[in-house]
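Below you'll find the structure, written out as structure tokens, and then a few comments.
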Amino acid sequence: MNDKYIFEKKIANILIVDDTPANLKILGIILKNEGFKIRPVLNGELALQVAEKEKPDLILLDIMMPGLNGFEVCQRLKKNEKLKDVPVIFISALSEPEDKVRAFREGGVDYISKPFQVDEVIARINIHLKIVEQTKKLIELNATKNKFFSIIAHDLRGPISNLMMISEAIEETNDMDDETLKMFLDIQKTSSKETMDLLENLLIWAKSNTNLIQNSPEKIDINGIIKTNIDSFRNELFIKEINVNINIDDFIPLEADPNMVCLVLRNLISNAVKFTPKSGIISISAHAGKEYSVLVKIEDNGLGMSENQLNNLFRLDVNNKRYGTEGETSNGLGLVLCHEFIEKMGGKIWAESEENKGSTFSFSLP
């Protein structure tokens, strides 16, 4: 069976409504042979009952039937909150323009005239299933982005509120001792860095999702990129007295986008630093392999994660905000970016973790 007939990760379920048993049999055989799941019914009342119970993915609906005709069935379907989005394709011997106009006015998405052509029926069914699937994905994507921006707005509010509070305190205090001033400046520095990191990741994510960032592979020195990124965290590593163990092959033949690889490493190392306690250990390794150009692992002995946190790591619609061992903030956007960029480069990224024992983030590139 061709993948195009898969709808929302399951076989598309089609309800066929026609008062002529021969028509039901013919359509049923045709659609079953194409891989669809079929539910044939002989009248409008039964069609409404079946649709309510089994919500189909699409309905093929005859018009001229005893009792409820096709127009009346469609009217009632469109008034039902549960069924109003199910596409209805009218299939009828009525061929007058006014009949077709009414079919669309009552909520039909298409109209097939009898006698029908098999290829036409299959093509129209497929296109409307695809439209429904794409519409659902757009709705889900929009809801995910709304949830995401709500999380971002919440995360920005904290550091910005701190900056405002500090500004007001300094303005209102005429005689501030050096210790208090240093405390305020430390908070100001931390809040400014949190805001800048969040905005930078948000800008990169927005560019990535509007295809302004393209995968541009070239020969790169993964060894040098790793060491450069470790060096950028030297202050944090010094303050937390964290030891970094490095185990990298001397030569790794790798072609990848240097900016994407750099962002992934920066975010993964940043995470390891945040969630590793004072005097902890971070181990970074990179090795060439037969099934990949490079396998990179960044391991820490820090806070670790629960199974639920592990399962939601790379999801945009889940609030993954956590605090590091010294109160550092992490909203999870960096990991979302890592996942997107590794996928853009054709690689894989995953994590293993145990609470209070640490985490290991790994990625491979082809």
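Starting from residues that are assigned to a loop (DSSP other than H, G, I, E, B) and of a type in the set (D, E, K, R), keep the ones in the range 99-126 and report whichever is surrounded by the most Cβ atoms within 10 Å (Cβ to Cβ). Top of the filtered list is GLU106. Considering the range 98-118 alone, what residues qualify as being over 35 Å from the mean Cα position of the chain (by Cα) and of a type in the set (Asp, Glu)? GLU98, ASP99, GLU106 - these are the residues of the range 98-118 that are over 35 Å from the mean Cα position of the chain (by Cα) and of a type in the set (Asp, Glu). Right, ASN69: among the polar types (S, T, N, Q) and under 35 Å from the mean Cα position of the chain (by Cα) or not? Criteria not met by ASN69.
Close contacts from the range 268-292, counting a first residue that is farther than 15 Å from GLU236 by Cβ and a second that is outside any loop (DSSP other than H, G, I, E, B) and hydroxyl-bearing (Ser, Thr, Tyr), with Cβ to Cβ under 9 Å and a gap of 6+ residues or different chains, come to SER283/THR360; GLY289/SER364; GLU291/SER364; TYR292/SER364.
Contact annotation: no residue pair with Cβ atoms under 9 Å, 6 or more positions apart or on different chains, pairs a residue in the range 65-90 that is of a type in the set (Asp, Glu) and buried (at least 19 other Cβ atoms within 10 Å of the Cβ) with a partner that is in a helix (DSSP H, G or I) and modelled with pLDDT of 95 or more.
For the range 172-193, the count of residues that are closer than 30 Å to GLU343 by Cα, surrounded by fewer than 19 Cβ atoms within 10 Å (Cβ to Cβ), modelled with pLDDT under 90 and not charged (D, E, K, R) is zero. Taking ARG315 as meeting all but one of (1) over 24 Å from the mean Cα position of the chain (by Cα); (2) surrounded by fewer than 20 Cβ atoms within 10 Å (Cβ to Cβ), write down the number of the exception. Going through the list (1) over 24 Å from the mean Cα position of the chain (by Cα); (2) surrounded by fewer than 20 Cβ atoms within 10 Å (Cβ to Cβ), ARG315 breaks only (1). Considering every residue within the range 19-31, establish whether at least one is among the β-branched types (Val, Ile, Thr) and in contact with a Lys or Arg (Cβ under 7 Å, 6 or more places away or on another chain). Checking the range 19-31: not a single residue is among the β-branched types (Val, Ile, Thr) and in contact with a Lys or Arg (Cβ under 7 Å, 6 or more places away or on another chain). Note on the range 52-70: residues that are assigned to a helix (DSSP H, G or I) and out of contact with any strand residue (DSSP E or B) (no Cβ under 6 Å at 6 or more places or on another chain) amount to 3. For the range 1-18, state whether one or more residues are of a type in the set (A, V, I, L, M), modelled with pLDDT under 90 and loosely packed, with under 12 Cβ neighbours inside 10 Å. So far as the range 1-18 goes, yes, one or more of its residues are of a type in the set (A, V, I, L, M), modelled with pLDDT under 90 and loosely packed, with under 12 Cβ neighbours inside 10 Å.
The values are calculated or read from the model by the stated rules, or taken from the named source; none is laboratory data. Remember, predicted model here, so these are calculated numbers, not experimental data. In this analysis, Cβ positions are derived from the backbone assuming ideal geometry, glycine residues included, and neighbour counts consider all displayed protein chains.
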